[in-house]
Amino acid sequence: MVAPEVQALYRDALVWDQHACLPLTLDADFEMVRRHADAGVAFVSINVGFAPHGTADTMAVLSGFRNRVLADPRRYILARSAGDVIEAAATGKLAVAFDLEDTNPLEGHVELVQTYYDLGVRTMLMTYNRRNLAGCGCLDEEDDGLTEFGRDVVAEMNRVGMVVDASHCSHRSSMELFEISRAPVICSHSGARSVYEHPRNLRDEQMRACAATGGVVGICGVGAFLGDNDASVETFVRHIEYALDLVGPKHVGIGTDFVFDLQDLEAELSRNPGLFPRHTPDGPQQFLPPERLPQVAEALLRQGHSTETVLAVLGRNFLRVAEQVWR
């Protein structure tokens with residue numbers, strides 16, 4: 001239980017979670033997303049596809065999730081604009097947008113960026129751990145950076161207003177994204193490699209380059225990346241504080257990467273072992289759940305961070321990027 005003054009601050013905050021994961025199936029229980037609303041979150045981006053998925057599978061899942069949002073306007077708002085998120089925060093609803101964790105759902109067709117955007121996808125990663133048509137991933141031994149297709153995708157994302165995401169990308173691919181994008185680039189759900197050595201975490205120069213675009217480093221809540229399967233509030237805050245010291249309070253946010261269904265995650269790991277080396281710890285994977293976010297706010301305040309900084313990390317920074325990028 002957090003202190004009353006922290007509860008008051010959290011109630012007035014616009015809390016933004018830049019990445020969370022439902023099972024990527026048509027029969028997924030979308031009501032699991034209500035955990036975010038019950039935890040006082042105003043916005044969540046739900047993944048609708050990653051590296052194993054082509055256009056047909058991704059469109060099916062996206063359409064199903066989108067219809068669930070639109071069918072319940074008393075509780076959800078489909079976040080088409082930053083104003084929709086502000087409205088959700090003011091009315092106690094949950095604003096939902098969608099993200100792609102790889103460019104494979106494009107199947108090589110740049111023009112699909114506009115289609116996905118029109119259906120509610122507001123963020124897309126270039127690669128998911130491994131090389132694809134767009135570039136290299138963080139687990140590739142050889143790093144050739146972005147391809148021409150990847151550069152074309154970035155230009156189209158800039159044009160339509162979709163946020164470019166460098167999480168899961170290789171070092172060179174990410175640095176090239178930061179260089180060529182004409183809009184702020186984010187790292188939606190990553191950690192600090194200087195805090196915990198893991199290929200999914202960001203080097204200092206990546207975090208600085210992300211911030212230089214006007215973007216935001218979203219700290220993830222996955223124990224495997226935070227440190228020895230430790231998804232405690234203390235470890236999560238340690239990564240946040242490192243990022244705050246490195247890039248400043250305007251460029252740090254939260255992307256929990258919370259997985260609602262752990263059985264589905266285990267099945268996904270089994271189906272695609274090449275995508276997930278070093279992702280599977282001994283014992284069940286640990287995640288920071290949305291219910292712990294008030295404790296995160298309290299921990300940051302106790303460490304001496306200002307109310308303004310805490311509100312920025314909780315959501316205002318990602319809101320600023322949406323205001324700049326979404327069309």
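The values are calculated or read from the model by the stated rules, or taken from the named source; none is laboratory data. Everything numeric in this text was worked out from a predicted model, so none of it was measured. We place every Cβ from the backbone using ideal geometry, glycine too, and count neighbours over all the protein chains shown. Just the protein is used for accessible areas: all its heavy atoms, side chains included, with ligands, DNA and RNA removed. Shrake-Rupley method; radii C 1.70, N 1.55, O 1.52, S 1.80 Å.
Things worth noting here:
- Filter result (farther than 16 Å from S81 by Cα and among the aliphatic types (A, V, I, L, M)) within segment 105-142: L106, V110, L112, V113, M124, L125, M126, L133, A134, L139
- Some residue of segment 53-62 being at pLDDT 95 or above, over 28 Å from L133 (Cα atoms) and crowded, with 23+ Cβ neighbours inside 10 Å: no
- Against the criterion of being open to solvent by less than 50 Å² (accessible area, probe 1.4 Å) and either modelled with pLDDT of 95 or more or more than 20 Å from the chain's Cα centre (by Cα) (or both), P73 does not qualify.
- Among the residues of segment 87-112, just one is among the β-branched types (V, I, T), open to solvent by 30 Å² or more (accessible area, probe 1.4 Å) and either under 28 Å from C169 (Cα atoms) or within 19 Å of the chain's Cα centre (by Cα) (or both), namely V110.
- Pairs are defined by a Cβ separation below 7 Å, a sequence spacing of at least 6 or placement on different chains, a first member in segment 59-70 that is within 23 Å of E107 (Cβ to Cβ), and a second member that is buried (at least 22 other Cβ atoms within 10 Å of the Cβ) and of a type outside the set (A, V, I, L, M); the pairs so defined are V61/G49; L62/F98; F65/F98; R66/G120.
- Inter-residue pairs, beta-carbon under 7 Å, first of a type in the set (S, T, N, Q) and in segment 299-316, second open to solvent by 20 Å² or more (accessible area, probe 1.4 Å), 6+ apart: Q303/E241; T307/L9; T309/P249
- Members of segment 147-176 that are β-branched (V, I, T) and either touching a Lys or Arg at 6+ places or on another chain (Cβ under 9 Å) or open to solvent by 10 Å² or more (accessible area, probe 1.4 Å) (or both): T147, V154, V160, V163
- Of the helices (runs of 4 or more DSSP H) that lie entirely inside segment 141-253, those containing 1 or more residues that are under 26 Å from Q285 (Cα atoms) and modelled with pLDDT of 95 or more span 171-180, 204-212, 223-226, 233-247.
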